[in-house]
Amino acid sequence: MSTPRRLILATRNQHKVTELRAILGAAGLNVELVGADAYPEVPDVAETGVTFAENALLKAHALARATGLPAVADDSGLCVDVLNGAPGIFSARWSGRHGDDRANLELLLAQLSDIAPEHRAAHFACAAALALPDGTERVVEGRLLGTLRTAPAGSNGFGYDPILQPLGETRTCAELTPDEKNAISHRGKAFRALAEVVGELLG
Ligand code: ITT
């Protein structure tokens, strides 16, 4: 087999690297996926876009330019219908502190405390982008539809997983096993669609 093409993923989150690597492998692609940690000299890019797709493209282009390698990036969050799509791109810092999952979730539950079950529809959304050093770009999206519980349940996953119950499920995302969640998740869907794009452009 020929030497695998190196592909870099714009994240320092090792779980994402492992998940996308498994999906690319299952698609039979001859690529070697590395995380941004492999290039510590490359600075993180500010997420100045106003949509998940814009932010994913920004990160992928910045990394492709800086490394000269094809780069992939994702951006994701929770969108609540009754909040017109918020927290959306602000999901990681909804309570004001970036990455404080517990505070973000508790603020959201408090904001929705008077909202009846039939009005608690929400979805996780993920945009995944591929950028080549020559400026070629592709972006794909995935969603996981569900409803929001009134109290957290489960200890798997991260972020808003303990309060999002996928449609057709009786458990929250935090009560699913990692494999069960990956099979239906916004990120799983976006990464599987991205694998097809990687195959087309680099395969
Ligand atoms: P990067 O380092 O790759 O940017 P991240 O964890 O900061 O990863 P994401 O863009 O994947 O950020 O997600 C932003 C926020 O959206 C995250 O902090 C969660 O609050 C929420 N979120 C996204 N995907 C989620 C999921 O699968 N389950 C629960 N919450 C999720």
| Once a ≥ b ≥ c are taken as the square roots of the eigenvalues of the Cα gyration tensor of the stretch 149-203, is the result rounded (a/c under 1.5), prolate (a/b larger than b/c) or oblate (a/b not larger than b/c)? | prolate
| query | With Cβ to Cβ distances under 15 Å as the rule, what net charge do the other residues near Leu108 carry (K, R +1; D, E -1)? | reply | -1
| note | Of 21-32, 120-131, ordering from highest average Cβ density within 10 Å down gives 120-131, 21-32
| request: Would you kindly state how much longer the chain becomes between Leu202 and Asp44 on full extension, computed as 0.36 nm times their sequence separation minus their alpha carbon distance, in nm to one decimal? | output: 54.4 nm
| task | Post the alpha-carbon centroid distance, the stretch 143-166 to the stretch 25-76, in whole angstrom. | result | 27 Å
| Can you give the net charge of the other residues whose Cβ lies under 12 Å from the Cβ of Cys173, counting K and R as +1 and D and E as -1? | 0
| query | What number, in percent, do you get for the relative contact order of the stretch 1-152 if the mean sequence gap of Cα pairs under 8 Å and at least 6 apart is divided by its residue count? | reply | 22 percent
| field | nm² value of the averaged projected area, convex hull over the Cα atoms of the chain | value | 11.4 nm²
| note | Here the gain from full extension of Ile115 to Ala103, 0.36 nm per residue of separation minus their alpha-carbon distance, amounts to 2.4 nm
| task | Let me have the 222 nm mean residue ellipticity of the chain computed from DSSP H runs of 4+ only, each contributing -39500 (n - 2.57), with the sum over all residues rounded to the nearest 500. | result | -10000 deg cm²/dmol
| said: Checking the cross-link filter: which lysines have an alpha carbon closer than 17 Å to that of Lys59, excluding same-chain neighbours under 8 positions apart? | reply: Lys16
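Every number here is computed from the coordinates shown, using simple stated rules; none is lab data. Since this is a predicted model, take the numbers as computed values, not measurements. All Cβ positions, glycine included, derive from the backbone under ideal geometry; neighbour counts span all protein chains shown.
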